[in-house]
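Nothing in this text is a laboratory measurement; each read-out follows from the coordinates by a stated rule. If you're wondering where the values come from, they're calculated on a predicted model, not measured in any experiment. Neighbour counts are summed over all protein chains in view; Cβ atoms, including those assigned to glycine, are modelled from backbone coordinates with ideal geometry.
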Amino acid sequence: MIFNYKNVEIYFEYTCVNVENPTILFLHGWGGSTKSFEIFRNKLEGFNTILVDFPPFGKSGSPKGEWDVKTYANMIECLLVYVNVCKVYIVAHSFGGRVSLELASKNKNLILKMLLTGCAGIKKRSFKTKLKIIKYKFCKFLCRIKLKDYASLKNMGSEDYVLLNENMKKTFNNIVNYDQKHLLKKIKCPVLLFWGDKDKQTPFYFTKIFKRHIKDCGVIKTKGSHFAYLENSGLFFKVLRTFFS
């Protein structure tokens, strides 16, 4: 199905078993798509489900201008109004978690519970990362005064960043530079964190910050990387069913 938001076609899949049944909204990570949670949606019984492709990924179009986390969150709110769903459970990974945090802090009646895995939203700046940023800005300066070729900058960003067009690079910068820690105390719904112990993109210490600031927050630590929910799909599905039952 297609939903139009800010002149961008948004692809989503809405399975309605019964309008009176609870609805689970699946929100994928940056670079993912509806396929990211498809295996769990296909196993579910007794729930309505919504999967969506965040633009510009999957079958959705590309934003016409630069977006930020708040824009993506507003897009989800408009989508829920479009399908006439006013309360949801959320299952989200990484960037999808960012959008979930924004939604839960803003609209306390929209979300019943959240299951977040490898959730982003906490700004992480290690000394090594800061050095990379300084190096990148210095090289950019050298390019500006024509002592270096701009093509050399392409290999200095993250893999996610390098693959984006110029418009989406601005969007990506808006997202990764947005620290959502101040929103956590506003989240009132129960939150369960499912985390891989070897996650390098969203380190396990993030869970301590979430627990410290979110009133009702639990943690399940498992072996795995940033994609622990797929590496331990059987366990993740059991957790999902139990938490939302």
Inset, instruction - Check each of the chymotrypsin sites (Phe, Trp or Tyr not before Pro) in segment 178-245 and keep only those in coil by DSSP with at most 13 other C-beta atoms within 10 angstrom; list them in order. - result: Y205
Inset, instruction - Please order H28, H226 by the number of other Cβ within 10 Å, starting at the fewest. - result: H226, H28
Legend entry - Computed E for Y82/Y205 - FRET, C-beta separation, R0 30 angstrom, nearest 0.05: 0.20
Inset, instruction - Counting other Cβ atoms within 10 Å, keep those with at most 14, restrict to DSSP loop, and tell me which GluC sites (Glu not before Pro) in segment 1-105 are left. - result: E20, E45
Legend entry - Loop sites in segment 33-88: trypsin sites (Lys or Arg not before Pro), DSSP, at most 12 other Cβ within 10 Å: K64, K87
